[in-house]
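Just below is one structure, and these are the notes that go with it.
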Amino acid sequence: MTMNPSTRRVNQRHDVQLPVEVVSGDVSRPAVIQNMSVGGLYFHCDFPVERQELFALVFSIPTLDVPIRVEVVVRWTEKIAVGVTGVGVQFLGLKAREVWAITKFFTSIASIL
């Protein structure tokens, strides 16, 4: 039996729509973040991604003046539509300043709702 990934989350996810660059070696591909937490995020892309794959993500949030670049590991994938994959990743080492900025970003978007 496969457990739904959403039932295993440690950190609360927040719905967002942010551009992200998926960087593997010399190749950088655009994708869109759908939701995120301080432990990881979920994005949609139009290229294949494998479970346990390692790569870097680069994205910006308004509460930090420089882009966040973080190594990630793919924990799960799902086919969303023809040519569209949903990818859940775990962060591998956010800096304290980045965790602070992400938490502040979540607070700012929660106050809008």
Considering every residue within the range 74-87, establish whether at least one is under 25 Å from residue 12 (Cβ atoms) and among the charged types (D, E, K, R). yes
Condition first: of a type in the set (A, V, I, L, M), in contact with a Ser or Thr (Cβ under 9 Å, 6 or more places away or on another chain) and over 16 Å from residue 44 (Cβ atoms). Now tell me which residues in the range 65-113 satisfy that. 66, 68, 101, 102
Could you grab me the full set of residues in the range 10-21 that are out of contact with any helix residue (DSSP H, G or I) (no Cβ under 9 Å at 6 or more places or on another chain), surrounded by 12 or more Cβ atoms within 10 Å (Cβ to Cβ) and among the β-branched types (Val, Ile, Thr)? 20
Give the number of residues within the range 40-62 that are exposed (fewer than 14 other Cβ atoms within 10 Å of the Cβ) and in contact with a helix residue (DSSP H, G or I) (Cβ under 6 Å, 6 or more places away or on another chain). 0
Picked from the range 76-113 (must be free of Cβ contacts under 8 Å to residues at least 12 places away in the same chain and closer than 16 Å to residue 66 by Cα), the residue surrounded by the most Cβ atoms within 10 Å (Cβ to Cβ) is 100
Enumeration of residues in the range 22-31 that are in contact with a strand residue (DSSP E or B) (Cβ under 7 Å, 6 or more places away or on another chain) and exposed (fewer than 15 other Cβ atoms within 10 Å of the Cβ): 24, 28, 29, 30
Could you tell me which of the residues 41, 64 is modelled with pLDDT of 95 or more and not in a loop (DSSP other than H, G, I, E, B)? 41
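The values are calculated or read from the model by the stated rules, or taken from the named source; none is laboratory data. Keep in mind that what you see is a predicted model, and the values were worked out from it rather than measured. Virtual Cβ from ideal backbone geometry, glycine too; neighbours counted across all protein chains shown.
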